[in-house]
1. For the range 52-62, indicate whether the set of residues that are of a type in the set (Val, Ile, Thr) and within 16 Å of ligand 1 (Cβ to nearest atom) is non-empty.
2. Going through the range 143-166 one residue at a time, which ones are of a type in the set (Val, Ile, Thr) and free of Cβ contacts under 8 Å to residues at least 12 places away in the same chain?
3. Consider the range 209-229. How many of its residues are under 30 Å from GLU171 (Cα atoms) and buried (at least 16 other Cβ atoms within 10 Å of the Cβ)?
4. Hey, among the residues in the range 184-207 that are within 16 Å of ligand 1 (Cβ to nearest atom) and among the small types (Gly, Ala, Ser), which one's surrounded by the most Cβ atoms within 10 Å (Cβ to Cβ)?
5. Between a residue in the range 24-39 that is without any contact (Cβ under 8 Å) to a residue 12 or more places away in the chain and at positive phi and any residue that is away from ligand 2 (no atom under 13 Å from the Cβ) and among the charged types (D, E, K, R), which pairs come within a Cβ distance under 8 Å, given they are 6 or more apart or on different chains?
6. Would you point out which residue out of GLU123, GLU171 is under 30 Å from ARG73 (Cβ atoms), acidic (Asp, Glu) and away from ligand 3 (no atom under 16 Å from the Cβ)?
7. Given the structure, is LEU90 at pLDDT 95 or above, more than 16 Å from ligand 2 (Cβ to nearest atom), within 19 Å of the chain's Cα centre (by Cα) and surrounded by 15 or more Cβ atoms within 10 Å (Cβ to Cβ)?
8. Among SER180, SER163, SER172, which is the only one that is part of a helix (DSSP H, G or I) and more than 14 Å from ligand 2 (Cβ to nearest atom)?
Amino acid sequence: MTDVSPTNAPLSRIPRHIAIIMDGNGRWAKRRNLPRTAGHQAGVSAVRKTVEHCAERGVEVLTLFAFSSENWRRPKEEVNVLMRLFMMTLDRETKKLNNNNIRLRVIGDRSAFPDLLQRKINESEQMTHSNRRMTLVIAANYGGRWDIVQAARRLAQEAKNGSLNPDQINESLLASRLSSADLPEPDLFIRTGGEQRISNFLLWHLAYTELYFTETLWPDFDEIALDEAISEYSQRERRFGYISEQLTKAPLPDATSSSA
Ligand code: IPE
Ligand code: IPE
Ligand code: MG
């Protein structure tokens, strides 16, 4: 962390990593007397635009919550539509991502997806894996608790096979076994659609993320809405446990890791 001054002008501090809960597709459709699926379709356009605008602003990582581990509880037809949309979007957009030097990563338990979708995810990841302009992380069948559980399971396995001593387990080791461990933690969390909850998104990673909630429904989330969120973020003072006066004195000890 190099710049923590609260006096920066709006947009002067671009978050390295933005994580978004794209919520409100259903209500967007309902207001227009359309089926919920029309809201999801409109949501895909908002995804396309947001990816573009984030890349233009120099965001390094954009994580989008597309389908939670709890979303299987929805009506079967809606789940099917969401799967189909995911598949079609991968088909249509991967080349464009690649042309724009954007790397795609998918986090979540993909083993629950149809085989064809799993194959398409792998192909899209492989095709874009050396791109460096921005990383787009799609959280699909993702749950923050699932992520922590799978990390714990991996550590337990390593302890069992003798490659790890349980005394070595600390925060950074556990974090290194989480999804997207090689990426910076989110600086800015955005939830559209007015609900103020985390809904089992990146539970571990959000420990020191700035939270931003907006009433805007996801299909209406545009460039102006994104800039509003970034502008508010740039006026926040991230203290990481320090007091304000310490933050103006450089250099600081590594503020992003705890002393544990
Ligand atoms: C978010 O919009 C999209 C997904 C969860 C896949 P919703 O479908 O949750 O929209 P609302 O909350 O019902 O309006
Ligand atoms: C969270 O939205 C998940 C995604 C946006 C993919 P939900 O609409 O499913 O969240 P809850 O159920 O209202 O908390
Ligand atoms: Mg919702």
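1. no
2. VAL149
3. 5
4. Once the filter is applied, the top-ranked residue is GLY193.
5. Between residues of the range 24-39 that are without any contact (Cβ under 8 Å) to a residue 12 or more places away in the chain and at positive phi and residues that are away from ligand 2 (no atom under 13 Å from the Cβ) and among the charged types (D, E, K, R), there is no close pair.
6. None of the other options fit; the residue is GLU123.
7. So LEU90 passes the test.
8. Going through SER180, SER163, SER172 in turn, just one is part of a helix (DSSP H, G or I) and more than 14 Å from ligand 2 (Cβ to nearest atom): SER172.
The values are calculated or read from the model by the stated rules, or taken from the named source; none is laboratory data. Quick caveat, the model's predicted, so the values are computed rather than measured. Neighbour counts are summed over all protein chains in view; Cβ atoms, including those assigned to glycine, are modelled from backbone coordinates with ideal geometry.
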